[in-house]
Each structure stands twice: as structure tokens, then as C-alpha cells.
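The values are calculated or read from the model by the stated rules, or taken from the named source; none is laboratory data. Keep in mind that this is a model prediction, so the values were computed, not measured. Backbone-built Cβ (ideal geometry, glycine too); neighbour counts: all protein chains shown.
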Amino acid sequence: MAGLKLRDLKKSYGNVEVIHGVDLDIAQGEFIVFVGPSGCGKSTLLRMIAGLEEITGGTLEIDGMVVNDVPPSKRGIAMVFQSYALYPHMTVYDNMAFGMRIARESSEEIDRRVKAAADMLQLTDYLDRLPKALSGGQRQRVAIGRAICRDPKVFLFDEPLSNLDAALRVATRIEIARLNESMPDTTMIYVTHDQIEAMTLADRIVVLSAGYIEQVGPPMELYDRPRNLFVARFIGSPAMNIIPASISQAGASATVILSGGKSVATGIPVADSETGRQVSFGVRPEDLAISTGEDFLFEGKVSIVEALGEVTLLYIEGLTEHEPIIAKLPGHLKINRGDTVRFKADQAKLHLFDADGNSYRH
């Protein structure tokens, strides 16, 4: 099994550079998730690791060896694609065994690996079936099983659940988590745009934007201490609320004036030179609570109520120019459209970002 080192890794198409000098160390046995919006470069980066995209600049090491010019078949990787890419005329057994037959493994070794992978993925009863006789989730498990049988140094997953319905996504995500637990020394790199997949599967998340790494860290570190506005708004659902503000008093606990005129002590240290600066004040929807007194952050009129059973989402207008403020509150609340509601939050849950979008907390 192997770790990876990416050093100043770049990818260009003609004069257009799409991956801009990425530096990243991935330890043996880590489960790394690449996340970011469409077009951010996460799948391109994964394909560069796989050898399916040529590396324009920098170096890629797998298990201590530079593999920039090594063909995909020699890199010791196995990839699970968004589409299952199964051979429709082959049984599940033959699909899983195909790569090993090409590599001229013995029949006994092929049989052992296929049956072990099938048992791990609960596919033993389906080994004689064709892919057309399987559900979407079962087909994706066959694709994962085919990768397991190759006994690779590194597993690469390119949005493997995006073609599944909601229930199958959950079930297959649990299967991947179990697979990771059962193979603790195997390095896995997973691309997704789904935050739930990223937060529940990853040892560390790599947040990408426009070909740059914005932040790398454990899921809860990115959630609690986002380095900048991009990460703050990308990690979390609904996204973090951002309200324009200005620093009225700096020091160990900066005080800001929100766009609605409310003065708020943030508990966030800010240098004296920042006094008077325009900033962005952030608080997550789930960190808001209803206030019945004067200890509130802001108040506003409810424009939309979404009762989801376990939580209620309240949309508050008037504090930002384009987007409503969202409060995510537990349970079912007797609050109606048009009501004016006050909200509070713990100081430890508040965030401040400077004019360049960088966090004062980080």
C-alpha cells in the first residue's frame, strides 16, 4: 500500500491552466475526499493521479516513486467511475475477474480474490448474474469489487454514487465506509460534490476552487474553522449566513455593527488597525436560536417557513441585499410567514472574514 505526494502539480490545456501548482501529501491508509463546485478541477486532479490525464508540470509520487510518465496500468491504482463501466455480456464473476485475467493471475488466485471481494460486498448470491439483472447499487458494488480484486496500492473513486437514487446513495455510502474500515492500510481518494459523502467518509477533505486548494483538514475542522469565505459557504448545508458588517471596536473581542444596525460582540480577536474596516459576519443556520429578550444578534421578518419534521427552516429577509438569512431550528415551530423573530447564537459559533474573505479566527 502507498502514500502520495503532489508537488507543484499543474495541468494546462493549451494556454489555459486549470490546475495551479497543487501541493498535497496523502498518507498511507488515508481516506481523502476532493470536494468543490463543478469545474473546480477535482476530477481532473483525480485523473492526473490515475494517469488518464497528462501532467503538465510538477511531480506526482506514489509509494516514493515519481510516476509522471508511468502508464496507468503500472501505477498500482484502481479506479471506480461515475458510470459503472461493466461489461454487459459478462457475469458479475467475470467482470470482477477480468483485470486479473489480463494480468495472467492463476485461476486459483482469481477465484480466491473474487469470492473474498464478493463476500465483503454482499455479492456472493449474484456472481452468476449479468449486469442487466442487477440494481444500480449492486452494479456499483460490482465495480468496486472489480477494483478490490486488483489489490491496488491506491483506490480512486470518481463520484461513484451520483447515478444512484437517494436510498441507494445512503446504502452504498455505508458499504464504502465499511470497505474503508476493512482495509485500513489502503489509501483511498474520493471525488464528490456531495457534502454528506465528504463529511461522513473523509479522514481529511480537500476543498478545491478554480484549480486551487482552498483548505485541507478533517471534516469538523473545516466546518468549525473555515479558512475563508469560500470554504465557510461551501461546507455546511444550508450554507453559512453572511451579513455585511463593520468593525466598531477591535481588541480581544471585536465588536461589529451589522448591516441592520445591531452592535454585536463577537469574542473574536482583531488587531486595532482593523477598526472601521468593512467585514463579513458569519453564523451557520443551525447555530441560531430564537431569542425572547434583548440578547439577540438580529431580528427580521419571516418570508418562508419550511417545516421538515425534524427541523424547521426559517428564511429571514432584509439583512442582506440578495439572499435571505436562514435559521435551521429543531422540531416543529409555531412560527408563520410575516412574523418578526429575534435570533441569538453563542459567541464561539460566530465568524468574521476580512475584505479579502480570509477568516479572523483561523
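In segment 232-244, is there at least one residue being in contact with a Lys or Arg (Cβ under 9 Å, 6 or more places away or on another chain) and either of a type in the set (Lys, Arg) or over 16 Å from ILE326 (Cα atoms) (or both)?
No, segment 232-244 has no match at all.
Being of a type in the set (Gly, Ala, Ser), in the same structural domain as PRO131 (by TED's automatic domain parsing) and part of a strand (DSSP E or B), is that true of even one residue in segment 32-46?
Scanning segment 32-46 turns up no residue that is of a type in the set (Gly, Ala, Ser), in the same structural domain as PRO131 (by TED's automatic domain parsing) and part of a strand (DSSP E or B).
Restricting attention to segment 184-203, report how many residues are under 11 Å from the mean Cα position of the chain (by Cα) and not acidic (Asp, Glu).
Of the residues in that region, 11 qualify.
What are the residues in segment 310-339 that are touching a residue at least 60 places away in the same chain (Cβ under 8 Å) and in a strand (DSSP E or B), if any?
Listed by number, the residues that qualify are LEU313, ILE325, ILE326, LYS328.
Given GLY357, GLY338, which one is in contact with a helix residue (DSSP H, G or I) (Cβ under 6 Å, 6 or more places away or on another chain) and either assigned by TED's automatic domain parsing to the domain that holds GLY293 or of a type outside the set (A, V, I, L, M) (or both)?
Going through GLY357, GLY338 in turn, just one is in contact with a helix residue (DSSP H, G or I) (Cβ under 6 Å, 6 or more places away or on another chain) and either assigned by TED's automatic domain parsing to the domain that holds GLY293 or of a type outside the set (A, V, I, L, M) (or both): GLY357.
Run VAL70 past the list (1) among the aliphatic types (A, V, I, L, M); (2) at pLDDT 90 or above; (3) buried (at least 19 other Cβ atoms within 10 Å of the Cβ) and report the number of the one that doesn't hold.
With (1) among the aliphatic types (A, V, I, L, M); (2) at pLDDT 90 or above; (3) buried (at least 19 other Cβ atoms within 10 Å of the Cβ) applied to VAL70, the lone miss is (3).
Farther than 25 Å from ALA348 by Cβ, buried (at least 20 other Cβ atoms within 10 Å of the Cβ) and either modelled with pLDDT of 95 or more or out of contact with any Asp or Glu (no Cβ under 7 Å at 6 or more places or on another chain) (or both): does that describe ARG169?
yes
Could we say that LEU314 is among the aliphatic types (A, V, I, L, M) and surrounded by fewer than 16 Cβ atoms within 10 Å (Cβ to Cβ) here?
So LEU314 fails the test.
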